[in-house]
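Below is one structure, written out as C-alpha cells; the observations come after it.
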Amino acid sequence: MHDFESFIYLDVPRTGSTFIKGILRRNCTTPQIGKPGAHTVLSQEYDASKFCFISVRDPLDLYLSLYSLGRSSKGLFRSLQAAGFGDLYDGGWTGFRKWLKFVLTPRNAAYIGPEYARCGNGRVCELMGWASFQIARLAIPDHHRVLGRCRERDDIRAEFRSRKAYQFTIRYENLRTDLAELLKTRLRPYLKDLDKALEAVETRDAPNPSNRPIKDPGEPVLESDLRRMLKEREWLMCEEFGYRLERREDRNSSGAEPARSRVDSPVPDEDAESTAEVSSSALQV
C-alpha cells in the first residue's frame, strides 16, 4: 500500500507495481505520506474518503512470474530451498507444474508465508490460494481480523464485496492502457503535466518482463486437473476480475474477450510481497 495525500495505491506483488510507483512518484504533485512500504496493508483507521486503486494480474501469469523469479534464487526460492524443496525449480514446465501444485496445496502454506498460513488459525489458506490472499490482505482494511473470522468461502466473498477499498483496477494485461486511463481521469488533478506523464507510460521499459520456464509459448502449461485446481484455489480473482484461466485454444474458440479495466461501481451491502507479509523471504517486484 502506498498512501499519497490524495489517493491510495494497493500494490499487489508481481503486477507491475514498480512501474506504476515510478510513474506516480515522478509525475504527481501530491506527496506520499509516511514511510513508503511495498505491499503494506490498510489499517482500520485508514482514510476511506481517498480514491483508491489496485493492480492485479492473471493468476497463472502471476505464478509463472513468481516461479521465474525463483529461478534467480529470489522470492519464494529461499524459503523453499531451506525447507528442502529447491529441486522444484528445474527450469522447465515439469518443474513449474510440481511447484505450482505445491504452492496451491493448503498444507504447504507455512512454506509460502507465515501470515497466510496462520490467518484465521489456518482456515483462510484452506479457503483461498496465496494469490487471492494477496488481493484480500491489501484490499480489506484490518484484513487479519476480518478474514480471521471467516469460516467458509461465502464469508470471505461477503466481506470482500462489502469492505474492499479500491474503486479502480489496473490489470497487468492492459497495464499501459489502464494506467493512462487512470491518469487522464481520477488522477489528473494531481499531475504536474498530463502529457509528460502519458509519454512516460508509453515509453518506459516494460515492467516485470519475466522469463518463462520454456521458450515455446504454444505448449500447454497445465494439465486439466492442475488448471482446475488453480481455478478452484484462486476463485476470488476469477470472480472479482473475470479471469477465466482457459487454455489458449479454448479462449480463441470461445471468441470471448479478456476482462477489461473499469472504474468499479460500489457493491451494495445486500450483495454482500521489500514486502510486508508476502513471506519471510520477501517477494521482489
Problem - Per-residue SASA entry for Ile33, accessible area with 1.4 Å probe, Å² rounded to 10 - result: 80 Å²
Problem - Rounded if a/c under 1.5, otherwise prolate or oblate - region 1-151, Cα gyration tensor axes - result: oblate
Exercise for the section: First compute the accessible area of region 62-183 with a 1.4 Å probe, then give the percent of it belonging to carbon and sulfur atoms. Expected result: 44 percent
Handout entry: Residue-normalised accessible area of region 126-208, expressed per residue, 1.4 Å probe, Å²
Key = 44 Å²
Problem - Label point distance in nm, Thr30-Trp93, each placed 7 Å from Cα along Cα→Cβ - result: 4.5 nm
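Just subtract the alpha-carbon distance of Asp142 and Ala82 from 0.36 nm times their residue separation and send over the number in nm, one decimal. Please report the intermediate quantities before stating the final value.
Working: separation 60, 0.36 × 60 = 21.60 nm, distance 3.11 nm.
My answer for the length gained is 18.5 nm.
Stretched out fully, how many nm does the piece from Ala110 to Leu194 gain, at 0.36 nm a residue minus the Cα gap? Intermediate values should be presented prior to the final figure.
On the way: separation 84, 0.36 × 84 = 30.24 nm, distance 4.49 nm.
Full extension from Ala110 to Leu194 adds 25.8 nm.
The values are calculated or read from the model by the stated rules, or taken from the named source; none is laboratory data. For clarity, every value in this text was computed on a predicted model and none was experimentally measured. Reconstructed Cβ throughout: ideal geometry from the backbone, glycine too, with neighbour counts over all protein chains shown. Calculation scope for accessible area: heavy atoms of the full protein, side chains included, ligands and nucleic acids excluded. Shrake-Rupley method; radii C 1.70, N 1.55, O 1.52, S 1.80 Å.
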